[in-house]
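Working notes, structure below.
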Amino acid sequence: MTTISKISKRDVMNRAWKIYRGNYSKNFGECLSRAWWVEKEIQKSLLEEYYWEHPEARPESLGDRIRRENREKGIPAPSFHRDLRGKFSFL
């Protein structure tokens, strides 16, 4: 399985048609929207399942990359403190 897979427009249209024929709605646009949502949720669950099995393949987030680069440069991690009024300040 590849980590990134495209959603097939044909599958979306077939699903939308089945939803439409199943009397979900009289508006085909609503059925098409629902079909896209279902296909995206399926792809999302497949991707999460893959990352649970292969955690090393999970891409690094932007925040994680910035923190890693700052550690490598020797920049200390930022800390936020609250003053007496409850306002946050950055140190």
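The values are calculated or read from the model by the stated rules, or taken from the named source; none is laboratory data. Computed from a predicted model, the values in this text were never measured in an experiment. Using ideal geometry, Cβ is built from the backbone for each residue, glycine included, and neighbour counts are taken over all protein chains shown.
Flag: Ser25 matches the condition of being in a loop (DSSP other than H, G, I, E, B) and touching a helix residue (DSSP H, G or I) at 6+ places or on another chain (Cβ under 9 Å). Restricting attention to the range 1-49, report how many residues are charged (D, E, K, R) and touching an Asp or Glu at 6+ places or on another chain (Cβ under 8 Å). Summing the residues that are charged (D, E, K, R) and touching an Asp or Glu at 6+ places or on another chain (Cβ under 8 Å) in the range 1-49 gives 3. Taking the range 1-14 as the range and being farther than 30 Å from Arg58 by Cα and within 24 Å of the chain's Cα centre (by Cα) as the test, only Met13 passes.
Go through the range 46-82 and give me each residue that's small (Gly, Ala, Ser) and free of Cβ contacts under 8 Å to residues at least 24 places away in the same chain. Once the filter is applied, which keeps residues that are small (Gly, Ala, Ser) and free of Cβ contacts under 8 Å to residues at least 24 places away in the same chain, the range 46-82 yields Ser61, Gly63, Gly74, Ala77, Ser79.
In the range 33-62, which residues are polar (S, T, N, Q) and part of a helix (DSSP H, G or I)? Matches in the range 33-62: Ser33, Gln43, Ser45. Scoring Lys6 on the criteria (1) surrounded by 11 or more Cβ atoms within 10 Å (Cβ to Cβ); (2) not in a helix (DSSP H, G or I) leaves a single failure, condition (1).
Checking each residue of the range 56-77 against the condition of being surrounded by 10 or more Cβ atoms within 10 Å (Cβ to Cβ) and under 30 Å from Trp17 (Cα atoms) gives no match. All conditions but one from (1) modelled with pLDDT of 85 or more; (2) within 25 Å of Ile7 (Cα to Cα) apply to Arg71; the one that does not is (2).
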